[in-house]
1. Restricting attention to segment 77-96, and to residues there that are in a loop (DSSP other than H, G, I, E, B) and in contact with a strand residue (DSSP E or B) (Cβ under 6 Å, 6 or more places away or on another chain), which single residue is nearest to ASP148 (Cα to Cα)?
2. Would you mind listing the strands (runs of 3 or more DSSP E) fully within segment 119-162 where at least 3 residues are touching a Pro at 6+ places or on another chain (Cβ under 9 Å)?
3. Considering only residues that are polar (S, T, N, Q) and over 24 Å from LEU79 (Cβ atoms), look in segment 109-141 and name the one that is most open to solvent (accessible area, probe 1.4 Å).
4. Do we have LEU108 as of a type in the set (A, V, I, L, M, F, W, C) and in a helix (DSSP H, G or I) here?
5. Within segment 51-105, take every residue that is of a type in the set (Lys, Arg) and open to solvent by 30 Å² or more (accessible area, probe 1.4 Å) and give me the one that is farthest from ALA125 (Cα to Cα).
Amino acid sequence: MVKYLLFLGMIILLVECGNTFYKSITQPKVQAEEPFVQDPLETESKHLTSLSPQYLDESKYTGDELEIVRLINQRAQFLREGNEEEYLTLFTEDRPVSQIPNYQIQELVIEDKIAVQEQKQIYQAACRIREIHIDKAESSRGYVFKKDKQDAQAAWKIADID
């Protein structure tokens with residue numbers, strides 16, 4: 001009788017193991033999906049890029065100062081658009097840059113008054129601008145501008161940015 005019960009127990013055990021194995025190969029395994037986690041830096045960058053840039057308020061300027069402020073704003077706009085061809089046209093022919101930088105400006109703040117000086121052959125202007133990039137990095141840059149004095153149709157151009 002003990003042998004019979006032991007034999008019956010073994011058969012039940014084997015049948016249960018077989019059922020478990022059969023269920024595991026016939027039912028697809030459902031893996032728990034990992035929750036989608038977005039990179040906070042990527043989210044912040046997309047948010048800042050979608051915000052309207054805040055450039056210098058042109059309504060506060062007239063004459064040469066207005067032309068210079070427009071030039072600064074155009075530079076920021078072309079940087080934002082990645083428009084290298086137009087960007088390079090803003091500079092003098094002996095420009096110190098040969099390509100567009102790889103950052104974008106979110107906001108511009110003028111730090112001091114635009115100083116215009118008359119030289120023998122040219123007009124020269126200088127000012128300091130604080131640039132706030134879309135990644136929230138800030139830089140203070142000195143802009144130097146030139147305009148040919150002999151040509152009545154000459155426009156202001158960026159001579160250098162430090």
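The values are calculated or read from the model by the stated rules, or taken from the named source; none is laboratory data. Predicted, not measured: the structure shown is a model, and the values here were computed from it. Positions of Cβ are backbone-derived with ideal geometry, glycine not excepted, and every protein chain shown enters the neighbour counts. Calculation scope for accessible area: heavy atoms of the full protein, side chains included, ligands and nucleic acids excluded. Shrake-Rupley method; radii C 1.70, N 1.55, O 1.52, S 1.80 Å.
1. Filtering segment 77-96 for residues that are in a loop (DSSP other than H, G, I, E, B) and in contact with a strand residue (DSSP E or B) (Cβ under 6 Å, 6 or more places away or on another chain), the one nearest to ASP148 (Cα to Cα) comes out as THR92.
2. Once the strands (runs of 3 or more DSSP E) in segment 119-162 are filtered for at least 3 residues that are touching a Pro at 6+ places or on another chain (Cβ under 9 Å), what remains is 157-161.
3. So the residue we want is GLN121.
4. When the stated conditions are applied, LEU108 does not pass them.
5. ARG80
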